[in-house]
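The values are calculated or read from the model by the stated rules, or taken from the named source; none is laboratory data. Quantities reported herein were computed from a predicted structural model and do not represent experimental measurements. Quick reminder, even Gly has a Cβ in these numbers, built from the backbone with ideal geometry, and neighbours come from all protein chains shown.
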Amino acid sequence: MKYLKNLRESIGRYILRKKSKSIKRNVIVHNFDTAKTAGVLFNVSNDNSFDYIKDFLNFMNNKNIQVVVLGYNNSKTTPDELLIKKNINIINKNDLNWYCVPKNDMVNQFIEKDLDLLFDLSTKNTFPLKYINTLSNASFKVSKESNYNNSSDLMLNIKKDESLKYYIEQIQHYLNIINQH
């Protein structure tokens with residue numbers, strides 16, 4: 001079963017490599033003071049990580065940054081408590097094609113949206129989120145450092161502490177000090 005999943009994902013990565021060659025985007029370094037819009041990608045998990053994501057979203061709302069959020073749930077159904085969250089869209093395995101590529105209109109709208117910042121808050125390597133991150137039109141992309149995801153403009157090394165709380169603290173720290181005029 002794992003072999004089949006790896007084969008499917010390998011074909012998906014091949015499709016992503018081909019599509020990513022045609023991406024033309026204008027990289028502009030943004031911080032929390034210059035950004036007007038942001039996108040957040042995250043992996044749905046059962047722990048308290050959503051509390052950290054909510055705090056991060058509130059932080060950006062307080063900075064008057066308009067935020068769009070897209071989460072990925074690695075099952076065929078989405079927990080009810082996430083379906084009722086305002087302004088948070090969730091995709092799951094039913095929204096992927098056989099090659100693990102997201103095939104949902106909501107995903108296409110997210111990818112095409114002109115965003116100043118894109119944060120990939122997934123702490124685990126998740127192909128559907130990598131796909132969305134790679135093809136996104138966002139001006140400045142932030143993710144954790146990984147061999148799996150090299151499409152970001154700022155990659156943070158969180159090997160010291162791979163918790164989501166620490167990762168978000170690092171994002172806030174570094175985006176507060178870059179591109180200061």
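Scan segment 70-91 and tell me whether some residue there is under 20 Å from Phe140 (Cβ atoms) and at pLDDT 90 or above. Let's see the steps before the verdict.
Looking only at segment 70-91, we keep the residues that are under 20 Å from Phe140 (Cβ atoms), and these are 70.
If we keep only those that are at pLDDT 90 or above too, we end up with 70.
Within segment 70-91, one or more residues are under 20 Å from Phe140 (Cβ atoms) and at pLDDT 90 or above.
A quick yes/no check of all residues on (1) within 16 Å of the chain's Cα centre (by Cα); (2) of a type in the set (Lys, Arg); (3) crowded, with 17+ Cβ neighbours inside 10 Å:
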{"residue": "Asp105", "(1), (2), (3)": "no, no, no"}
{"residue": "Asn108", "(1), (2), (3)": "yes, no, no"}
{"residue": "Pro128", "(1), (2), (3)": "yes, no, yes"}
{"residue": "Ser152", "(1), (2), (3)": "yes, no, yes"}
{"residue": "Lys165", "(1), (2), (3)": "yes, yes, no"}
Of those in segment 83-125 that are in contact (Cβ under 8 Å) with a residue 12 or more places away in the chain and among the β-branched types (Val, Ile, Thr), the residue farthest from Ile168 (Cα to Cα) is Val101
Output for Cβ contacts, cut-off 8 Å, separation at least six or different chains, first residue under 19 Å from Lys54 (Cα atoms) in segment 152-181, second β-branched (Val, Ile, Thr) and assigned to a strand (DSSP E or B), reads Ile171/Val142; Leu175/Val142
Here the qualifying pairs (Cβ atoms under 8 Å; residues six or more apart or on different chains; first in segment 1-26 and more than 18 Å from Ala138 (Cβ to Cβ); second assigned to a loop (DSSP other than H, G, I, E, B) and β-branched (Val, Ile, Thr)) come out as Gly12/Val101; Ile15/Val101
message: Just to be sure before I move on: is Leu16 exposed (fewer than 12 other Cβ atoms within 10 Å of the Cβ) and part of a helix (DSSP H, G or I) in the structure I sent?
response: no
Taking segment 34-72 and keeping only residues that are in a strand (DSSP E or B), without any contact (Cβ under 8 Å) to a residue 60 or more places away in the chain and over 11 Å from the mean Cα position of the chain (by Cα), one is left with Gln66, Val67
Apart from one, (1) within 18 Å of the chain's Cα centre (by Cα); (2) at pLDDT 90 or above all hold for Ser122; the odd one out is (2)
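Of all residues in segment 11-35, count the ones that are of a type in the set (D, E, K, R) and touching a Cys at 6+ places or on another chain (Cβ under 7 Å). Give the derivation first.
Step one: of segment 11-35, the residues of a type in the set (D, E, K, R) are 13, 17-19, 21, 24-25, 33.
Those left that are additionally touching a Cys at 6+ places or on another chain (Cβ under 7 Å): none.
Residues that pass the stated criteria total 0.
Here's the yes/no breakdown for (1) β-branched (Val, Ile, Thr); (2) over 16 Å from Ser45 (Cβ atoms); (3) touching a strand residue (DSSP E or B) at 6+ places or on another chain (Cβ under 6 Å):
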residue: Asn64; (1), (2), (3): no, yes, no
residue: Val68; (1), (2), (3): yes, yes, yes
residue: Gly71; (1), (2), (3): no, no, yes
residue: Asn92; (1), (2), (3): no, no, yes
residue: Glu112; (1), (2), (3): no, yes, no
residue: Leu118; (1), (2), (3): no, yes, yes
residue: Ser122; (1), (2), (3): no, no, yes
residue: Asn125; (1), (2), (3): no, no, no
residue: Lys141; (1), (2), (3): no, yes, yes
